[in-house]
Structure formats: C-alpha cells, structure tokens
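S.K.: Pasting a structure here, questions to come.
Bear in mind that the values in this text are calculations on the coordinates, not laboratory data. Keep in mind it's a predicted model, so treat the numbers as computed, not measured. So basically every Cβ, Gly included, is an ideal-geometry build from the backbone, and we count neighbours across all protein chains shown.
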Amino acid sequence: MKNYSTSKVFVAACAGMAFFGVTMLSLAPILGPLNESVQGANALPSTMSIGIIIGTILFGPVVDKFGYKWLLIIASLSALAGIQGLACFQEIKWLHTSIAMLGLGGGILNGLTNALVSDIYDDDKRGGRLGILGACYCFGALLWTLLNYFIPDYRLPLNTMSVIMLLCILFFFFISFPQAKGQESVSLGKTLGLLKYPALIMFAIVLFFQSGFEGVSGSFTVSYLDKAYGIDNATATLSMTWFTIGMLAGRLPLGVITKYLKDLGTLYLYLSIALIGVLLFYLYGHQVVMVYVAMTLIGFGVGATFPVVLNYIGSTFRNQSGTAFSIALFIALCGQSVMNRLTGWAFDNNHCNWFLLILMTALVCIMILVPLALAMTKKMKL
C-alpha cells in the first residue's frame, strides 16, 4: 500500500525537472557579462558538464538504495547554492565551485525525476507523464530565457529563481515519497551488472544519438545559419527559442497520442516530423521564417524520444530503475559530447554543410535502433 500522493510527487518531479531546464541554460545569458568582468569565465561550461556527468552517474544506485526524498532535496539545495554563487561571486575559483554545484544538482535532478515518475505510474500512464515531465524541462528553460530577456541585470533573475527553488524545496520537505527499493548494497558491481542486458545498452545508444542531436542543434544552429547564409546572430538565436517551443508543444500531448498509436507508432510519427523539419531547413535555410518553422518542427519531432525510451527502460527494469536510468543517461551525455566534437571538427575544417547531414543521420539511427531494442526486451530475462 502506497503512503504518498501520486499527484503531489508528480508535481515535485516536474518542479525538479524545470530546475534542470534552468541549469542547462543558466550560463547562456550571463556568460557574456561575466567575461567582461572575470578572466577565465569561458571555462565555466566545461565545469558544468563535469558536474552534470558526476550527478548522472551517482543518482541511480543511491536512489535505489535510499529512496528519492532526501536526494531530491539535497540536489535542489546544491543547484540553489550554485545559482546563488553565480549571483554573489566574482572570483573565478568560487564561480567554478558554484557552477560545479549547479551541474551536480542538475545532473541528479534530471535522472532522479525521470526515475521517480517512472516508478509512480503504471505502464498505461507512464509514457504520457514522462512527456509532461519533459515539457517541464522546456518550461524551465523558457522561463529562464524570458527572465533574462526582460531583466538586463543577470543577478535579479538568479535571485528570483532562487526564491522559487527555495519554496519548492520546502514543498519537497513536507510531502511523502515512494519508499526505497531496498537494494542490499550500492556497489559498482551491481551497477555494472546491468550492462549485461543488451536491451538496456541498445536503448542507451538510442539516447546517445538523441542527446547528440539536441546538443548539436543547440550548439551549432546559430553558427550554421551565420556561415551558410549570413543570418545575423540575434535572428539566428531566436530559432532556438522556436526549437524549445516546438519541443514543449510536442511533449504536452504525448500521453493522448500514445493511447492511439502506442509508443513505437508515436515515436515514428514524431521522428518523421523531425525529418521533415530537417528537410525544410536544407531547402529553405536562407529564409528566416522557414527556418523558424523548420526548427519548431524539429523540436516537436525530437520531443518524444526521451519520454518514450525512458518509459521502456522504466517498465523493463522496475526493480533497479534508478541505476538503469543512470547508465542510460550517462551514455546519452557521452553522445552529446562525441557528436558536438565531431560537428565542431567539421566547422573548424570548413565542412559546415555536414551539420544537417549529422542531424539526419542521428534521426535515422534512432528509427533503426528502437525496434532492435524492443526485440531484445522480449528475449531477455531479469
């Protein structure tokens, strides 16, 4: 018998995921001002990445052993401390410490909230709720972007977000969460033991390409529009807002669509829309309005992959969902790093035309690998 309110826990998970959306874009609007006053600020994104990777690796086994509540609170406090550090400090060593705490908290929040929602819902509702959870990531990112757009001094948005986070942490403290799964021990051996399941590895490789797609889109779209078509920075940057809006719009109705098309049908529908978006980008990249339409379609189309794949992982590895999510999301982050490096090399060597080819290849790989992963789940025994 459960001792928690599913709706309250879901709201808590959505708040945590929105914080992760803020985390991922936290440096975008403030790195410029920091560079004007702090030498070495350009190294902060690397510190952020390290923090996120460590948080992603740690959260799974800890959640499976000790449960969600206190790790959610600790991760949120870590992110809150990082945000306040960015608002208060000007010394580079303290800025690195702050951004590391923000990345660590964000990495934990990303994995923990996905695993939490996966645990509290049955198969018929899990996919839709993971879609709404993913939409909360987009909401957090948009809220952070809008705050910084309308408020010139970056410290005020940081302090505003800190107040919101503190109120949410108080909410976390006063509600009940699912009990820990009671794993006997948190060990590297048990964590690595999940690697013997080919289905988990295949699902993780799907997320490798999905995360890589999102990373390349976020990091290189503006540069591509500049190099290929001479579109100015402000106009090109707005295309990423449309990408986020598209992803938000795609994730909100995911639960309804999956009722009719099931997970696999939904995934293929969405990815087909993303492919159409990439094709429009290729054909009409010189027209700003069509770029915005294309980026909206691309964002919409890739919005289903994480919720659908994490739904499969959660339903297949229910007894060790936290650890399974930790492995899958770590491999996903590796995909983002690898594909960003590949695309960066292409741009450095005057092959910016590879940009859309890399995006198209990632989408096709996802469409090929998902059925293979599903076939593996039917053959495996836990």
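S.K.: Can you give the net charge of the other residues whose Cβ lies under 15 Å from the Cβ of Leu329, counting K and R as +1 and D and E as -1?
M.R.: My count for the surroundings of Leu329 gives -2.
S.K.: Using +1 at the C-beta of Lys and Arg and -1 at the C-beta of Asp and Glu, which of Leu112, Ala135, Val22 has the Cα lying farthest in the positive direction of the dipole of the chain?
M.R.: Leu112
S.K.: Would you mind telling me which residue in Phe66, Phe174, Phe208 has the biggest mean-square fluctuation in a Gaussian network model of the chain, where springs connect alpha carbons within a distance under 10 angstrom?
M.R.: Fluctuation is largest for Phe174.
S.K.: So for the stretch 271-341, averaging the separation of alpha carbon pairs under 8 Å that are six or more residues apart and normalising by length, what relative contact order in percent results?
M.R.: The normalised contact order for the stretch 271-341 reaches 25 percent.
S.K.: Relative to a virtual label point 7 Å from the Cα of Asp232 in the Cα→beta-carbon direction, which members of the stretch 286-329 show backbone nitrogen distances below 18 Å?
M.R.: Under cut-off, by backbone N: 286-292.
S.K.: What value does the stretch 192-379 have for Rg/Rh, both radii from Cα atoms and Rh as Kirkwood defines it?
M.R.: Answer for the stretch 192-379: 1.00.
S.K.: Would you work out the relative contact order for the chain, in percent, from Cα pairs under 8 angstrom that are 6 or more residues apart?
M.R.: Relative contact order here is 25 percent.
S.K.: Now a separate question. Between their Cα atoms, which of Lys65/Lys125; Lys69/Lys125; Lys2/Lys262; Lys69/Lys196; Lys262/Lys378 are more than 19 Å away from each other?
M.R.: Lys65/Lys125; Lys69/Lys125; Lys2/Lys262; Lys69/Lys196
S.K.: Count charges around Val9 for me, please; just the other residues with Cβ under 15 Å from its Cβ, Lys/Arg as +1, Asp/Glu as -1.
M.R.: +4
S.K.: Run the quick spin-label model on Tyr260 and Leu167: label points 7 Å from Cα toward the beta carbon, then report their separation in nm to one decimal.
M.R.: 3.7 nm
S.K.: Please report, in whole Å, how far the alpha carbons of the chain spread along each principal axis, starting with the longest.
M.R.: 60, 48, 36
S.K.: List, in order, the whole-Hz ³J(HN,Hα) value for each residue of the stretch 279-284 obtained from phi through the Karplus relation with A = 6.51, B = -1.76, C = 1.60 and θ = phi - 60°; use x for Gly and Pro.
M.R.: 5, 4, 4, 5, 7, 10
S.K.: Hey, which aspartates and glutamates would be in cross-link range of Lys227, C-alpha to C-alpha under 19 Å, not counting anything within fewer than 8 residues on its own chain?
M.R.: Asp348
S.K.: Divide by every residue of the chain the summed helix terms, -39500 (n - 2.57) for each DSSP H run of at least 4, and state the resulting mean residue ellipticity at 222 nm, rounded to the nearest 500 deg cm²/dmol.
M.R.: -28500 deg cm²/dmol
S.K.: Would you mind computing, in nm to one decimal, how far apart the modelled labels at Leu269 and Ala180 are, each placed 7 Å from Cα along Cα→Cβ?
M.R.: The two pseudo-label positions are separated by 4.2 nm.
S.K.: On to the next question. Would you mind calculating the gained length between Tyr149 and Asn349 on full extension (0.36 nm times residue separation, minus the Cα-Cα distance), in nm to one decimal?
M.R.: Computed gain between Tyr149 and Asn349 is 68.6 nm.
S.K.: Take the Cα gyration tensor of the stretch 252-323, multiply each eigenvalue by 5, square-root it, and list the three semi-axes largest first, rounded to whole angstrom.
M.R.: 30, 12, 9
S.K.: Evaluate the stretch 285-333: find the radius of gyration of its Cα atoms, find its Kirkwood radius, and give the ratio Rg to Rh.
M.R.: With Rh from the inverse mean 1/r over Cα pairs, Rg/Rh is 1.26.
S.K.: With contacts defined as alpha carbon pairs under 8 Å and 6 or more residues apart, what's the relative contact order of the stretch 192-379 in percent?
M.R.: Reported relative contact order: 40 percent.
S.K.: Still on this structure, please answer the following. Sticking with the crude label model, points 7 Å out along Cα→Cβ, report the distance from Thr361 to Cys334 in nm, one decimal please.
M.R.: Here the modelled spin labels are 1.8 nm apart.
S.K.: Along the stretch 102-111, what does the Karplus equation 6.51 cos²θ - 1.76 cosθ + 1.60 (θ = phi - 60°) give for ³J(HN,Hα), rounded to whole Hz, x for Gly and Pro?
M.R.: For the stretch 102-111, the Karplus-derived couplings read 5, x, 4, x, x, x, 5, 4, 4, x Hz, x marking Gly and Pro.
S.K.: In whole Å, how far is the Cα centre of the stretch 309-323 from that of the stretch 212-247?
M.R.: Cα centroid to Cα centroid, the span is 33 Å.
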